[in-house]
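First up is the structure itself, then whatever we jot down about it.
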Amino acid sequence: MILPISNKKDSDNEEMSSHRSVVFQYLKLPGEKKRFVCLQQSILVFAWMLFFIKDSLTPIVRFDSKTSRGRLFVKQLQSYLGFVKRNIRCLSHFLGYKFQVFSRQEVVELPCYGQICVRIHKGYKIFDFHRGVAIKVFDRHVNSAAIRDEIDILKVVSRIEFASSIKKWSIEGRWYEEEYVNGSLDSSYKPLDSGALIEKFSNEILQHLTSLTLFQKPLTKNAIEHAFDMTKALSFKISPRQASPGGEYPKILSFMDSMVHRLRTEGDYPIFLVFAHGDFVPANMLNTRYGLKIIDWEGAGYRSALFDFYSYFFYRPACREVPVTELVSEINTALPMFISGLAENAPEVSNSLKTCEKGYRWIFYLEMICRLVDREMTDKNLNMMHYIQEYIKAFSLYEDLCGNENERHSKNPR
């Protein structure tokens with residue numbers, strides 16, 4: 001879906017952010033799959049970063065409040081000793097390579113400086129804690145049009161209060177620089193019990209979700225047409241070899257066809273598409289001194305009006321092994337909160353969600369699978385097929401549970 005923004009080249013910024021000819025080397029850390037450190041930084045800076053800079057990229061360790069003081073002290077001590085041991089190993093690795101004690105390790109060369117960088121989808125993200133910025137550098141195979149589209153999205157997102165702001169960019173240089181969000185991963189990153197999750201949703205998540213839904217004017221589209229467009233586009237991307245019997249893609253397409261069939265059975269109706277984050281999950285939520293911030297907006301754009309809502313909840317069974325049985329009661333509690341919160345400023349959207357709730361859920365399934373398949377075809381860092389399977393498993397079980405619940409209600413009406 002095309003965003004309602006201009007594609008005009010921002011020449012002033014291009015001049016300010018001209019192509020960087022300097023190259024910096026980044027050394028892969030021991031025991032890390034995707035994290036690198038810059039070899040051009042001083043030893044003191046690297047040690048300072050390791051031991052004194054709070055790392056938003058690593059989940060903080062949380063312990064059960066019911067743990068006794070003695071056991072809590074032991075666990076905290078073990079965690080601290082593990083932290084020290086890990087950092088000493090990283091520091092010795094850095095020194096060994098810098099002074100050529102170790103043989104050549106994996107090193108990447110990038111055009112921007114920061115203390116560390118992380119391998120991400122279609123590139124690297126460099127973190128300069130001193131300047132308070134994060135820089136994304138794109139892989140060579142990413143074309144300029146895709147880079148420009150992502151930068152255009154982030155220009156729009158910069159107007160959102162709880163998002164980071166893009167600062168500089170160079171399409172020719174294949175990078176952009178945005179504000180670094182300093183914080184700790186939200187508590188809902190780790191599985192919470194349903195009561196704590198609903199409290200968290202009501203107190204913080206709901207406000208951000210509602211603001212995001214109202215951020216831009218909603219669009220309307222025919223539900224079946226939207227579903228058909230997605231399945232058709234996906235079928236074109238899948239090669240004959242991938243679609244051969246016995247593989248995973250026939251199972252994926254079969255599930256999608258079953259959702260389209262359900263939509264056809266329900267009848268045709270318009271749905272609302274709203275501006276969405278695209279990956280609205282606890283892994284992209286940071287608690288900061290300024291409140292809850294949402295990061296990683298590269299996939300933002302127009303999607304069905306419950307896409308971000310369902311993304312937040314289905315992340316739990318698909319990625320955190322929370323039983324789907326808990327999800328049913330959580331969504332039944334949280335969804336009316338979200339719908340009623342839209343009633344004043346977006347009454348048409350609110351009414352549509354009330355009357356077509358099942359249709360929005362099925363369309364979310366299709367949108368999510370399409371997003372994950374796109375990622376699976378381009379991301380070799382993660383086992384995306386595993387996540388696709390886990391999401392489909394969660395979707396199927398959720399539908400079974402909803403069907404059983406509806407059957408019980410029909411047999412025992414109040």
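The values are calculated or read from the model by the stated rules, or taken from the named source; none is laboratory data. These numbers come from a predicted model, not from an experiment. Counting neighbours? That spans all protein chains shown, and the Cβs are built from the backbone with ideal geometry, glycine included. Quick note on the areas: whole protein, heavy atoms, side chains included, nothing else; ligands and nucleic acids left out. Shrake-Rupley method; radii C 1.70, N 1.55, O 1.52, S 1.80 Å.
Tabulated results
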item	result
Flag if I60 is out of contact with any strand residue (DSSP E or B) (no Cβ under 9 Å at 6 or more places or on another chain), aliphatic (A, V, I, L, M), at pLDDT below 90 and open to solvent by less than 90 Å² (accessible area, probe 1.4 Å)	no
Single residue of G246, G278 found to be touching a helix residue (DSSP H, G or I) at 6+ places or on another chain (Cβ under 9 Å), assigned to a loop (DSSP other than H, G, I, E, B) and either modelled with pLDDT of 95 or more or more than 26 Å from I339 (Cα to Cα) (or both)	G278
Flag if L185 is within 27 Å of L209 (Cβ to Cβ) and among the hydrophobic types (A, V, I, L, M, F, W, C)	yes
Residue in region 328-339 that is open to solvent by less than 10 Å² (accessible area, probe 1.4 Å), modelled with pLDDT of 95 or more and under 19 Å from G278 (Cβ atoms) present	yes
Number of the condition not met by E266 [criteria: (1) open to solvent by 50 Å² or more (accessible area, probe 1.4 Å); (2) closer than 28 Å to I135 by Cβ; (3) touching a Gly at 6+ places or on another chain (Cβ under 8 Å); (4) not aromatic (F, W, Y)]	(2)
Which listed residue, of V118, V157, V137, is under 23 Å from T210 (Cβ atoms) and surrounded by 16 or more Cβ atoms within 10 Å (Cβ to Cβ)	V157
Residues of region 161-182 that turn out to be surrounded by fewer than 19 Cβ atoms within 10 Å (Cβ to Cβ) and more than 30 Å from V23 (Cβ to Cβ), as a count	1
Criterion (under 24 Å from F313 (Cβ atoms), of a type in the set (A, V, I, L, M) and open to solvent by 10 Å² or more (accessible area, probe 1.4 Å)) met by exactly one of A227, A283, A276, A233	A283
Verdict on S254 being of a type in the set (S, T, N, Q) and more than 20 Å from K358 (Cα to Cα)	no
Selection within region 359-400 - surrounded by 21 or more Cβ atoms within 10 Å (Cβ to Cβ) and of a type in the set (K, R)	R361
Pair list, Cβ < 6 Å and 6+ apart or interchain, from region 136-164 residues that are charged (D, E, K, R) to residues that are open to solvent by 60 Å² or more (accessible area, probe 1.4 Å) and modelled with pLDDT under 95	D139/K122
In region 158-197, the residues that are at pLDDT 95 or above, outside any loop (DSSP other than H, G, I, E, B) and closer than 30 Å to T333 by Cβ	A163
Segments classed as helices (runs of 4 or more DSSP H), wholly inside region 299-405, with at least 1 members that are under 24 Å from K200 (Cβ atoms), touching a residue at least 40 places away in the same chain (Cβ under 8 Å) and of a type in the set (D, E, K, R)	307-320, 324-342, 357-378
Pair list, Cβ under 6 Å, 6 or more apart: region 17-44 residue at pLDDT below 80, other residue surrounded by 12 or more Cβ atoms within 10 Å (Cβ to Cβ) and among the hydrophobic types (A, V, I, L, M, F, W, C)	S17/W169
Scan of region 349-381 for residues that are over 23 Å from E225 (Cα atoms) and out of contact with any His (no Cβ under 8 Å at 6 or more places or on another chain), ordered by number	E376, M377, K380
From the options T213, T220, residue that is at pLDDT 95 or above, open to solvent by 50 Å² or more (accessible area, probe 1.4 Å) and of a type in the set (S, T, Y)	T220
